[in-house]
Amino acid sequence: MTTTAFAFVALAYLLGSLSFAVIVSRLMGMADPRTYGSKNPGATNVLRSGRKLAAILTLLGDGLKGWVAVALAAWLGPRYGLDTQTVVACGLAVLIGHMWPVFFGFKGGKGVATAVGVLFGFNVWLALAAIATWLFIALVLKISSLAALIASVLVPVYAYFIVGPQSSYFGACIIIAILVVHRHKSNLINLLTGQEDRIGSKADAAVRED
């Protein structure tokens, strides 16, 4: 990897390390999302506070940084002699930064919104397929984490047909799926034991009342 390519990847990681759940909560005078609910600094947990605007801003911020990291690398890459491999590396770096942020003690979110942002940078149709899957599962089963897990697992399948198995983006999608599933370990355990909260459950309401 050239020095320029390394710089792009490092900047993507630092961008990913900006946890919008924590930043937005601080700016809006809210409690740190790492101290309530699932303690996950993500939009779903921020929503448990009852502040919908904060959750929306968190979702947009986390998703946007994923897209920006990939889009900038793809846009500026050619003039610096960077190839698609660097663009892919930036996409993975921004996601890893979100999950293990250097600015917040390497304790980050589960990466769903950021992963979607990265997918938008890779291929719009790939991202839309992932979003459609999440929405369908979430509406039918009312479990956000399960929707995220199923969508993540299916992303490489969609990538196989949309970008092709020879594309660097296909390999990146496999890694993204592995990372997102890994970050949902606790949710998997709750799902297997029947303890996972449903969207709009009483557990969420209780958090808002605290």
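The values are calculated or read from the model by the stated rules, or taken from the named source; none is laboratory data. Just so you know, these numbers come straight off a predicted model, no measurement behind them. When we count neighbours, we look across all protein chains shown, and the Cβ atoms used for this are built from the backbone with ideal geometry, even at glycine.
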task: Among the candidates A54, A5, A21, single out the residue that is in a helix (DSSP H, G or I), buried (at least 19 other Cβ atoms within 10 Å of the Cβ) and touching a Gly at 6+ places or on another chain (Cβ under 7 Å).
output: A21
message: Just to be sure before I move on: is A113 of a type in the set (A, V, I, L, M, F, W, C), more than 22 Å from V157 (Cβ to Cβ) and modelled with pLDDT of 95 or more in the structure I sent?
response: no
Residues located in region 76-104, provided they are under 19 Å from S167 (Cβ atoms), more than 13 Å from the chain's Cα centre (by Cα) and of a type outside the set (A, V, I, L, M): G77, P78, D83, T84, Q85, T86, C90
task: Considering only region 172-185, state which residues are touching a residue at least 24 places away in the same chain (Cβ under 8 Å) and of a type outside the set (K, R).
output: A172, C173, I175, I176, A177, L179, V180, V181, H184
- prompt: What are the residue pairs meeting all of these: first residue in region 33-44, first residue on the phi > 0 side of the Ramachandran plot, second residue crowded, with 24+ Cβ neighbours inside 10 Å and at pLDDT 90 or above, Cβ atoms under 8 Å, and 6 or more apart or on different chains?
  reply: K39/P33
task: Could you pull out the residue among L27, L14, L59, L18 that is aliphatic (A, V, I, L, M), at negative phi and free of Cβ contacts under 8 Å to residues at least 12 places away in the same chain?
output: L27
Unique match (being in contact with a Ser or Thr (Cβ under 6 Å, 6 or more places away or on another chain) and surrounded by fewer than 20 Cβ atoms within 10 Å (Cβ to Cβ)) among V102, V124: V102
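Among the residues of region 100-122, write down those that are assigned to a helix (DSSP H, G or I), closer than 15 Å to A172 by Cβ and of a type outside the set (F, W, Y). So that I can check it myself, show each step before the final result.
Let us first name the residues in region 100-122 that are assigned to a helix (DSSP H, G or I), namely 102-104, 112-122.
Remaining after also requiring closer than 15 Å to A172 by Cβ: 114-122.
Within region 100-122, T114, A115, V116, G117, V118, L119, G121 qualify.
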field: Selected residue [outside any helix (DSSP H, G or I) and either aliphatic (A, V, I, L, M) or surrounded by fewer than 17 Cβ atoms within 10 Å (Cβ to Cβ) (or both)] from G37, G29
entry: G29
- prompt: So which residues in region 61-95 are touching a Phe, Trp or Tyr at 6+ places or on another chain (Cβ under 8 Å), surrounded by fewer than 21 Cβ atoms within 10 Å (Cβ to Cβ) and within 26 Å of N45 (Cα to Cα), if there are any at all?
  reply: G61, W67
- prompt: What single numbered condition from (1) within 26 Å of E196 (Cα to Cα); (2) of a type in the set (S, T, Y); (3) surrounded by fewer than 17 Cβ atoms within 10 Å (Cβ to Cβ) fails to hold for Y160?
  reply: (1)
